[in-house]
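The values are calculated or read from the model by the stated rules, or taken from the named source; none is laboratory data. All values derive from a computational prediction rather than experimental measurement. Methodologically, a virtual Cβ is constructed for each residue, glycine included, from the backbone with ideal geometry; neighbour enumeration extends over all protein chains shown. Protein only, heavy atoms only, side chains kept; ligands, DNA and RNA dropped before computing areas. Shrake-Rupley method; radii C 1.70, N 1.55, O 1.52, S 1.80 Å.
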Amino acid sequence: MNSPSSSPRADLVVVGAGIVGLAHAWHAVRAGLSVVVLDRDDRPVGASVRNFGHICTTAQAGVALAFAEVAREGWLRLAAEAGLGVRETGTLVIARTDAEMAVLDEFAAARPDEAELLTAASVGARGGWSAPGTVGGALLPRDLRVDAPTVIPALVAYLRTLGVQVRFGENVVAIEDGGVRTADSWFPAERVAVCVGHDVDRLFPEIAAGAEVRRCRLRMIEIDAPRGAVIDPAVFTGSSLLRYGGFSETRAAAAVRAELASDDPDVVSQVINLMCTQRPNGRVVIGDTHHYERTLDPFEDEDVDDMLITRFRRLFDVDELRVRRRWRGVYAASVHGPYLFARPNDAVLVASVTSGIGMTTALGFARDALERHGIL
Ligand SMILES: Cc1cc2nc3c(=O)[nH]c(=O)nc-3n(C[C@H](O)[C@H](O)[C@H](O)COP(=O)(O)OP(=O)(O)OC[C@H]3O[C@@H](n4cnc5c(N)ncnc54)[C@H](O)[C@@H]3O)c2cc1C
């Protein structure tokens, strides 16, 4: 066997080229560090390119909101500096029951600068189509949108212009004293940031077990825009009000929870969050479902995709939806909270977003992780 080849020592080696790893690399290179990013795949194919591209700052609460605010600034800075496609579209929340509207009323009363309440008629005007049965809604104007499949490669390209070495096809097999080992190379490093999402259990099984990390699998479907609609903002519906702390922590959310459980129990049992975003080519990404396991079952029931499609046919008021693509995405999940941060030793930090808000918050979470690790 050939002895592993070695590279010059880097200040920081980042393992994983999803948004979490790239966010670490961006903050570190801006602070003047030499940075190498290693990813086992030939190009980005993880959760960071499979998502809605919804930077949903407003709906967050607690530490996630704090990270989301920093991340929002980060995305806008990246748009200005690097020309990344970051759009200030806001989020349209469609309320189709009085209980859902009550959550929006309570939220807007508490955070008046962040939500503009809408009548049913103005929901149609903002959204690009009139969702039947709408009783009202809200526009969250501060939220952003990116196109995930294109923005992540664009961020990689930008980091390279800043001097970050981003190397694909480098499967990290061990983090050791003084560096990182791949199958056939050794990357010496002062510090290492391990940002491998749900695969943290492969490299640091004890840390993953301590945080009870599981995999969350989501189903995603891309359709032709119904009637050619142009849907500028990201769209949330009533089920979204139960997923994000900013809404789910309102007093009024309990009634939405009870209403969904009695009127649409499949949404509850499949942990469905009916939301959509439109891609630059006009197609609309609809989703999603949530299925949690440490080892994901490989067999998937077509009925669950049918549940999504049926509900979007109702939302868009069309008889048929033309499906163009389907995919599954997986992210790390933990009952202990939305972030996993660990320092197995002085030189290594392990950082994962353990909730489905990495695009919204990773640029803030990474800065905090590097600060706590003494790098920034
Ligand atoms: C379907 C879906 C929709 C979502 N929608 C949104 C949304 O709209 N807004 C939002 O804020 N969040 C959303 N999320 C969540 C968000 O996408 C994730 O939180 C985020 O992408 C996680 O980033 P990551 O860098 O940890 O993971 P990933 O993007 O999966 O990156 C991890 C990388 O580590 C690499 N890796 C793993 N092991 C090794 C190894 N041993 N050696 C080298 N490399 C390794 C992998 O190849 C991978 O590239 C969604 C997630 C999914 C799945």
>> Rounding to the nearest 10 and keeping the result within 0 to 90°, find how far the Cα-based axis of helix 302-316 lies from the longest principal axis of the chain.
In response: 50
>> Taking R0 as 45 Å, what FRET efficiency do you get between residue 135 and residue 206 from their Cβ-Cβ distance, rounded to the nearest 0.05?
In response: 0.35
>> So, for the chain, what is the accessible surface per residue at a probe of 1.4 Å, expressed in square angstrom?
In response: 41
> In nm², what is the average projected area of the convex hull enclosing the Cα atoms of the range 1-159?
Replying inline: 12.7
> Most fluctuating residue of 360, 57, 89 in a GNM of the chain with Cα springs under 10 Å: which is it?
Replying inline: 89
>> Cα atoms only: what Rg and Dmax, in Å, come out for the range 31-112?
In response: 17.3, 54
>> Which residues among the range 19-45 fall inside the zone where the amide N is under 16 Å from a point 7 Å beyond the Cα of residue 161, along Cα→Cβ?
In response: 26, 30
> Using only the Cα atoms, what convex hull volume per residue in Å³ does the range 174-256 have?
Replying inline: 234
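More than 15 Å apart: what percent of Cα pairs in the range 102-192 qualify?
Tail fraction, whole percent: 75.
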> What nm distance separates the two modelled labels at residue 335 and residue 119, each placed 7 Å from Cα along Cα→Cβ?
Replying inline: 4.8
> When the chain is fully extended, how far beyond the present Cα-Cα distance does residue 81 get from residue 304, taking 0.36 nm per residue of separation?
Replying inline: 76.1 nm
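Return the Rg/Rh ratio of the chain with Cα-based radii and a Kirkwood Rh. Don't skip to the end; give the middle numbers.
Values: Rg = 21.0 Å, Rh = 21.3 Å.
Checking Rg against Rh, the ratio lands at 0.98.
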> If you roll a 1.4 Å probe over the chain with all protein chains in place, what percent of the accessible area is carbon or sulfur?
Replying inline: 48
>> Just to be sure I understand: with springs between alpha-carbon atoms less than 10 Å apart, which residue in 50, 311, 40 has the highest mean-square fluctuation in the Gaussian network model of the chain?
In response: 311
